[in-house]
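Colleague: First the structure, then my questions, so here it is.
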Amino acid sequence: MKLFLDTANVDEVRQGAAMGVLGGVTTNPSLMAKERGADFRQTVIEICELAKGPVSAEVTALDTAGMVAQGREVASWHEHVVVKLPITPAGLAACRELRGEGIAVNMTLCFSVNQGLLAATVGATYVSPFLGRLDDIGHDGMALVAELVEVFRVQRFETQVLAASIRHPLHVVQAAKVGAHIATMPFKVLMQMVQHPLTDVGLERFLADWERREVPKPALA
Ligand code: G3P
């Protein structure tokens, strides 16, 4: 399973990339809006350069022609751009058209297997089930991720399941267990994955022992 960051913050992408674990990045209009004053195009290009992998950039048009036009535009910014489209009737049609032109598409806001099936049918490169938002309303978000993985495997779809709306490190472990191809997470969750109090204590002890070691005295001349 690849690990993506779900952020539009360039510094977070830089830090994730420096750790050597970053497979790609997903953004959305809400995440972009959090980066106050940042230019959309410039930010996407900068993130693409740092991530060196797929970077989802979402369109805001609601009609097929508008989505296709915006999709072509953002895809022209960098070879790593993946056009993010909502799973709506207009979004599905736009996906089919953009995929026909060889443009990678991430179909987002997936809350049911049927929506995922439709996205795969129009050739989506990725489909993003929002598991945290399903959990928020008392549904089992991870069950949707697992079902999508199973359905795509049985039906031999090449569409990859990109587990999104991840809220904590356990979500990442569970997504890996059910076979999600990708998990995209906030920077905070990536940091929670690497941190463990016993690692900190253990490292402190190793270094203290190293400082206290007995060093052979140099022989007198
Ligand atoms: O990028 C889409 C998704 O990951 C959003 O997550 O936390 O806003 O539900 P969240």
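Colleague: Could you list all residues from the stretch 88-106 that are hydrophobic (A, V, I, L, M, F, W, C) and out of contact with any Ser or Thr (no Cβ under 7 Å at 6 or more places or on another chain)?
Modeller: LEU92, CYS95, LEU98, ILE103
Colleague: Only one of these is modelled with pLDDT under 95 and of a type outside the set (A, V, I, L, M, F, W, C): PRO169, PRO129, PRO218, PRO186. Name it.
Modeller: PRO218
Colleague: What are the residues in the stretch 169-187 that are open to solvent by 30 Å² or more (accessible area, probe 1.4 Å) and among the aliphatic types (A, V, I, L, M), if any?
Modeller: LEU170, VAL173, ALA176, VAL178
Colleague: Same structure, new question: Out of the residues in the stretch 10-54 meeting the condition of being within 13 Å of the ligand (Cβ to nearest atom), under 19 Å from MET193 (Cα atoms) and of a type outside the set (A, V, I, L, M), tell me which one is farthest from the chain's Cα centre (by Cα).
Modeller: GLY24
Colleague: So for the stretch 60-73 (the condition being open to solvent by less than 60 Å² (accessible area, probe 1.4 Å) and within 16 Å of the ligand (Cβ to nearest atom)), does at least one residue qualify?
Modeller: No: the stretch 60-73 contains no residue that is open to solvent by less than 60 Å² (accessible area, probe 1.4 Å) and within 16 Å of the ligand (Cβ to nearest atom).
Colleague: Another question about this same structure. Test of understanding: among MET185, MET191, which residue is away from the ligand (no atom under 13 Å from the Cβ) and among the aliphatic types (A, V, I, L, M)?
Modeller: Step by step, each of MET185, MET191 is checked, and only MET191 is away from the ligand (no atom under 13 Å from the Cβ) and among the aliphatic types (A, V, I, L, M).
Colleague: Restricting the search to the stretch 174-202, which residues are of a type in the set (Val, Ile, Thr) and within 15 Å of ASP135 (Cβ to Cβ)?
Modeller: Scanning the stretch 174-202 gives VAL178, VAL189.
Colleague: Let me ask something else. Of all residues being over 15 Å from the mean Cα position of the chain (by Cα) and basic (Lys, Arg) in the stretch 131-185, which is nearest to THR7 (Cα to Cα)? Just the residue, please.
Modeller: ARG133
The values are calculated or read from the model by the stated rules, or taken from the named source; none is laboratory data. Small disclaimer: the values here were computed from a predicted structure and weren't measured. Glycine gets a Cβ as well: all are built from the backbone with ideal geometry, and neighbour counts include every protein chain shown. Ligands, DNA and RNA are excluded from the accessible area calculation, which covers all protein heavy atoms including side chains. Shrake-Rupley method; radii C 1.70, N 1.55, O 1.52, S 1.80 Å.
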